[in-house]
Every structure is written in structure tokens, then in C-alpha cells.
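Q: If you scroll down you'll find the structure; I have some questions about it.
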Amino acid sequence: MIWIWRYELKPRRALSALAGARVRQGALIRTENGFADIHPWPELGDATIDEQLTRLAREETTPLTTASLRLAQLDGEARERGVSSFAEVTIPESHWPGDDPPPTFDTAKVKGAPRFPDRVRLRIDFNATLTADEFEEIAKTLPRDRIDFIEDPCPYDAKTWRKLRDRTELRLALDRTFAEEGVDVVVVKPAIQEVPVTIKEIVVTSYMDHPVGQLGAAFIAAKQATSSRCGLVTQVLYDANEFSEQLALDGMRLVPPHGTGIGFDELLDRLPWRRLR
């Protein structure tokens, strides 16, 4: 059986370039013993939340709901043992999502090239909106000594990316899909994909989703990320809610809430769940 609770997240104005300007809609799911999140991004090709839930009620899955059920199972296994998912693992440190990193952060991820914060290492994400030629021109203007990597400079093509990496001498990161040629860093979102087997650097990020989804990604990052900086501090993208208020930061590291599994025991128990199937 599966139960759901639908929610909305309101992006903070200062960070809306990362989270999108409109209110985000998603749903938490509750299985027999575990919890997870379904938070689609239709702008990136996901089915809407209504379609996700309609299909799940018919026992049809999408990449997003397949991953959600897998994360709910992992959460449930820890809850059945009465332990925190994070009892024997350490969540990696994270970059700051935006151009205003606090003093405790040494790395920031920014969208495009509007303005760059001082002092920190930079991860610049172009969301594959440029052509290869356009990126080459922009690359000449970037603060190269502070760039960690460029994410999705243009649509992925192995030959094109290999040439871009050689010509710009910048590290390139690929998001949402997996390939190795011309790629230095693989960005993995557990909300929609499994972690691939690769010798490339693996940066695990949340899906800019509900804190329940965020903690699911944090658990996978603690187990399988190989980068020293992931992308897990995304609760700051939205107005605070009861769940995000239970999260804390220790420097650049996300601190999970108390409880079994990914936590939030009391909050999850008192939600008005509705049976989906």
C-alpha cells in the first residue's frame, strides 16, 4: 500500500534563479515502512505531479517514482531496525546554492554567469543552454583560477565535449544522464537515477525538493559520493517549513534531524495521509 501527502514549496526570492520563480508542487509517499518524496520538474521533462501520482496509483512507474520507492525502501529498512540512516555514515560537505555563500562555505554553485561571489570556488551550471561556440567565448571571460567545474555548458555530445575540455582547459560536469567521454565530473540526483559505477568524480545532489527528498539524497551521498563537496544544502532555496526547520548546518555539512531512518518521525506520523492504492 502507498499513502501520499501533497505539499507546496515557495522559492525564496533571492534564490529563485536556482529554484524557479513559481511555487513548487510535490508529494511525500508513505509505504508499509518507509517515506520518500516525489518532486517533479516538468521544465526538465518530468511528468507533472498529477500524472506521476495517477500512474503510480495504476502501479506504473516513472524514473522519479521508481527512485522514490527505492529510497522509501532504504528509509524503511533503517526504521525497522530502529536506527538512523546516518548512524554509521557521514554526510559530505556541500557547495552553497547561489551567489551569496555564507562565510563558512568555500564553494558555490551558480546558474549561468550573472555575477560571481568573491573568494569561493565556483561551480557554474549553464543547463545546456549554450552552443559549443558560445561557451568557448564565455569561457574566456570566466575567473578560471577559481572554477571547480562547468556543468552542462551545452547539450552533451562526446566529441564536442572532448574538444571543449581540451580548448578551454576547464573541467566539465554532466548532469541527469551518464557518460564518461569528455566528462570529468558526474552529477547524480538520487531522486531520478542510481549512482553509476565509474572512476569519475561523483557529486551527489538533491533534486531541489522537499527536505524528505533532500535527506534521501544525503544518505546516498554519504554512501556513494566521491566528491568532497556535494549539493545537499537546498532547504535554503525555499521558505522555511516544519521539516526544514529541523535541519541544521555544521559548517558546510548538512546535519540530519533526530529519529529513525532519515528522521522527521513525529512530523511524518501526524501528516494527514491519503491512501493512493
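The values are calculated or read from the model by the stated rules, or taken from the named source; none is laboratory data. A quick note: this is a predicted structure, and the numbers were derived from the prediction, not measured. No Cβ is skipped: glycine too gets one built from the backbone with ideal geometry, and neighbour counts run over all protein chains shown. Remember, those area values only see protein heavy atoms, side chains included, never the ligands or the DNA or RNA. Shrake-Rupley method; radii C 1.70, N 1.55, O 1.52, S 1.80 Å.
Q: Give me the dipole magnitude in Debye, nearest 20, for the stretch 3-125 about the Cα centre, with unit charges on the beta carbon: positive for Lys and Arg, negative for Asp and Glu.
A: 460
Q: Follow-up. Which percent of Cα-Cα pairs in the stretch 114-212 sits in each 5 Å bin, short to long?
A: For the stretch 114-212, the pair-distance distribution reads 2, 12, 24, 24, 19, 12, 5, 1, 0.
Q: Would you kindly give the portion of the calculated P(r) for the stretch 128-277 that falls above 28 Å, as a percent of all Cα pairs?
A: 32
Q: Ok, one more. Which percent of the accessible area of the stretch 178-250 is formed by carbon and sulfur heavy atoms (probe 1.4 angstrom)? Could the numbers behind the result be given before it?
A: Working: 1180 of 2520 Å².
Ligands and nucleic acids excluded, carbon and sulfur reach 47 percent.
Q: While we're on this one: Could you give the size of the charge dipole of the chain about its Cα centre, using +1 on the Cβ of each K and R and -1 on the Cβ of each D and E, expressed in debye and rounded to the nearest 20? List each step's numbers first, then the result.
A: Values: 37 positive and 44 negative charges, 41 e Å.
It comes to approximately 200 debye.
Q: Any idea what log10 I(q)/I(0) is at q = 0.08, 0.09, 0.13, 0.15 Å⁻¹ for the chain, Debye with uniform C-alpha scatterers and no solvent?
A: Results for the chain at q = 0.08, 0.09, 0.13, 0.15 Å⁻¹ read -0.32, -0.41, -0.86, -1.13.
Q: Ok, one more. Report in % the part of the accessible area of the stretch 45-149 that belongs to carbon and sulfur, leaving out ligands and nucleic acids; probe 1.4 Å. Don't jump to the answer; show the numbers that get you there.
A: Values: 2470 of 5160 Å².
After summing per-atom areas, the C and S share lands at 48 percent.
Q: Next up: Going through the stretch 94-174, which trypsin sites (Lys or Arg not before Pro) have at most 13 other Cβ atoms within 10 Å and a DSSP loop state?
A: Arg115, Arg119, Lys140
Q: Which of the peptides 187-197, 76-86 is most tightly packed, and how do the rest follow, judged by the mean count of other Cβ atoms within 10 Å per residue? Write down the numbers at each step before the final one.
A: Numbers: 187-197: 19.8, 76-86: 16.9.
Packing order, densest peptide first, comes out as 187-197, 76-86.
Q: Hey, another quick one. Find, to one decimal place in angstroms, the Kirkwood hydrodynamic radius of the stretch 100-149, where the mean of 1/r is taken over every pair of different Cα atoms and then inverted. Can you show the working numbers first?
A: Details: mean 1/r = 0.0866 Å⁻¹.
Result for the stretch 100-149 stands at 11.5 Å.
Q: Would you calculate, for the chain, the mean residue ellipticity at 222 nm contributed by helices, counting each DSSP H stretch of 4 or more residues as -39,500 (n - 2.57) and dividing by all residues, to the nearest 500?
A: -7500 deg cm²/dmol
Q: I'd like to know how the stretch 3-134 sits against the 2.2 N^0.38 Å rule of thumb: what's its Cα Rg over that expected value?
A: With N residues counted in the stretch 3-134, Rg over 2.2 N^0.38 Å equals 1.29.
Q: Suppose each label sits 7 Å from its Cα in the direction of the beta carbon; what would the Ala128-Ala47 distance come out to in nanometres?
A: Here the answer is 2.1 nm between the modelled labels.
Q: Might you tell me the accessible area per residue for the stretch 1-96, computed with a 1.4 Å probe and given in Å²?
A: That works out to 49 Å² per residue.
Q: Moving to a separate point now. Before I look further, what does the stretch 149-270 give for accessible area per residue, probe 1.4 Å, in whole square angstrom?
A: 39
Q: May I ask for the net charge around Arg81, where only other residues with Cβ less than 12 Å from the Cβ of Arg81 are counted and Lys, Arg are +1 while Asp, Glu are -1?
A: -3
Q: Follow-up. Using 10 Å bins from zero, what percent of all Cα-Cα pairs in the stretch 174-256 falls into each bin?
A: 19, 51, 24, 6, 0
Q: Another one. What does the charge add up to near Leu53, with Lys and Arg as +1, Asp and Glu as -1, over the other residues with Cβ less than 14 Å from its Cβ?
A: Value of the local net charge: +1.
Q: Put +1 on the Cβ of every Lys and Arg and -1 on every Asp and Glu Cβ in the chain; which of Ile147, Leu28, Thr160 then has its Cα farthest towards the positive end of the dipole?
A: Leu28
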